[in-house]
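K.L.:
Starting off with a structure, shown below.
The values are calculated or read from the model by the stated rules, or taken from the named source; none is laboratory data. The model shown is predicted, which means the values in this text are computed figures rather than measured ones. Here the Cβ positions follow ideal geometry from the backbone for every residue, glycine too, while neighbour counts run over all protein chains shown. Surface accessibility is based on the protein's heavy atoms, side chains included, excluding ligands, DNA and RNA. Shrake-Rupley method; radii C 1.70, N 1.55, O 1.52, S 1.80 Å.
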Amino acid sequence: MAAANHPREASRPKARVIFLGPPGAGKGTQAARLAEHLRIPRISTGDMLREHIAQGDVLGKAAAPYMAKGGLVPDHLLIEMIRKRISEPDCAHGYILDGFPRTLPQAEGLDEMIGGTADVIVFDMEVPHDELMRRLSGRGRDDDKAEAVRKRLQEYEQRTTPLLEYYRERSRFHRIDGFRPAEAVFAQLTSLIEGWE
Ligand code: AMP
């Protein structure tokens, strides 16, 4: 019998995790490891948008100019992209959101889709500013050029940091010190998740 059809699999608790934190804080690395550990998909909106751009489709064409400059892609495009993605069968036991939500309207859109976030686990990864700049300037992605990096950090400060307060009040919120070896961060994330189960 396929693992996904096993009765114990069906009763596996639904784990929904959101990673917040500035670009360069290590969200992608930790989200990917945690997804593997929990056997649920990692949904990276940045990766999804880059795939749409590579395919040259309508969404990719709409998103590309914002991304190239380090700005945020309009909320309605992200909300619809996530609505479709989390309704796919591989999300039945939960998912890890990496890079979404990034604005209050996106957070409200997600609330409306899943009926509130009281049992969602939110990890806010924090890393000192100098270390973020060092990490981002070494990655070599198109939007890692100095001007775009500045813009991405500014968008984070202005539009994403209000979400910290939002989720502190509405979810299982944890602030995580991301300026440590990845191994130590991961050990803390898994122990926090196990503590909630
Ligand atoms: P990331 O790979 O998460 O750093 O995302 C790269 C870029 O994709 C961002 O700088 C934005 O232009 C765009 N992007 C990703 N996620 C979102 C989102 N939730 N809202 C708006 N734009 C996004």
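K.L.:
Taking 0.36 nm per intervening residue step and subtracting the Cα-Cα distance, what contour gain separates residue 47 from residue 62 on full extension?
P.N.:
So the extension gain works out to 3.9 nm.
K.L.:
Follow-up. Taking a ≥ b ≥ c as the square roots of the Cα gyration tensor eigenvalues, with a/c under 1.5 meaning rounded and otherwise prolate when a/b beats b/c, else oblate, which class fits the range 8-135?
P.N.:
Oblate, because a/c is 1.5 or more while a/b does not exceed b/c.
K.L.:
Can you compute the FRET efficiency between residue 145 and residue 14 using 1/(1 + (r/R0)^6), with r the Cβ-Cβ distance and R0 = 45 Å? Round to the nearest 0.05.
P.N.:
0.70
K.L.:
Right, another one. If r is the Cβ-Cβ distance from residue 137 to residue 90 and R0 is 41 Å, what FRET efficiency results, to the nearest 0.05?
P.N.:
Computed FRET efficiency for residue 137 and residue 90 comes out at 0.75.
K.L.:
What is the set of long-range amide H partners of residue 21 at a cut-off below 5 Å, with H atoms built 1.01 Å from backbone N?
P.N.:
125
K.L.:
Additional query: Can you pull the accessible area of residue 84 for me, 1.4 Å probe, Å² to the nearest 10?
P.N.:
140 Å²
K.L.:
Taking residue 69 as the anchor, which aspartates and glutamates have their alpha carbon closer than 15 Å to its alpha carbon, excluding any fewer than eight residues away along the same chain?
P.N.:
Candidates past the 8-residue exclusion: 142, 143, 144, 147, 155.
K.L.:
Are any of the pairs 84/145; 14/145; 27/145; 61/84; 14/151 more than 29 Å apart by Cα-Cα distance, and if so, which?
P.N.:
84/145; 14/145; 14/151
K.L.:
Let me ask another. Hey, got the dipole for the range 1-155? About the Cα centre, +1 on K and R Cβ, -1 on D and E Cβ, debye to the nearest 20?
P.N.:
So the magnitude is around 340 debye.
K.L.:
Counting only the heavy atoms of the protein chains, how much of residue 83 is accessible to a 1.4 Å probe, in Å² to the nearest 10?
P.N.:
Taking all protein chains as shown, residue 83 has close to 90 Å².
K.L.:
Among 37, 103, 73, whose Cα projects farthest towards the positive end of the dipole of the range 13-109, with charges put on the beta-carbon of Lys, Arg (+1) and Asp, Glu (-1)?
P.N.:
37
K.L.:
Just the accessible area per residue of the range 115-197, please: how many Å² with a 1.4 Å probe?
P.N.:
57 Å²
K.L.:
Further question on the same structure: Between helix 146-155 and the chain, what is the angle of the helix's C-alpha long axis to the longest principal axis, kept within 0 to 90° and rounded to the nearest 10?
P.N.:
50 degrees
K.L.:
In the chain, with Lys and Arg counted as +1 and Asp and Glu as -1 at Cβ, which of these residues, 115, 86, 53, has the Cα nearest the positive end of the dipole, that is, farthest along it?
P.N.:
Result: 53, furthest along the dipole toward the positive end.
K.L.:
OK, next. Helix-derived [θ] at 222 nm for the chain: sum -39500 (n - 2.57) over DSSP H runs of at least 4, divide by residue count, nearest 500?
P.N.:
-16000 deg cm²/dmol
K.L.:
Sort 29, 45 by heavy-atom solvent-accessible area, probe 1.4 angstrom, most to least.
P.N.:
Listed by decreasing accessible area, they come as 29, 45.
K.L.:
Ignoring any ligand, DNA or RNA, what whole percent of the accessible area of the range 40-197 comes from carbon and sulfur when the probe is 1.4 angstrom?
P.N.:
That share works out to 54 percent.
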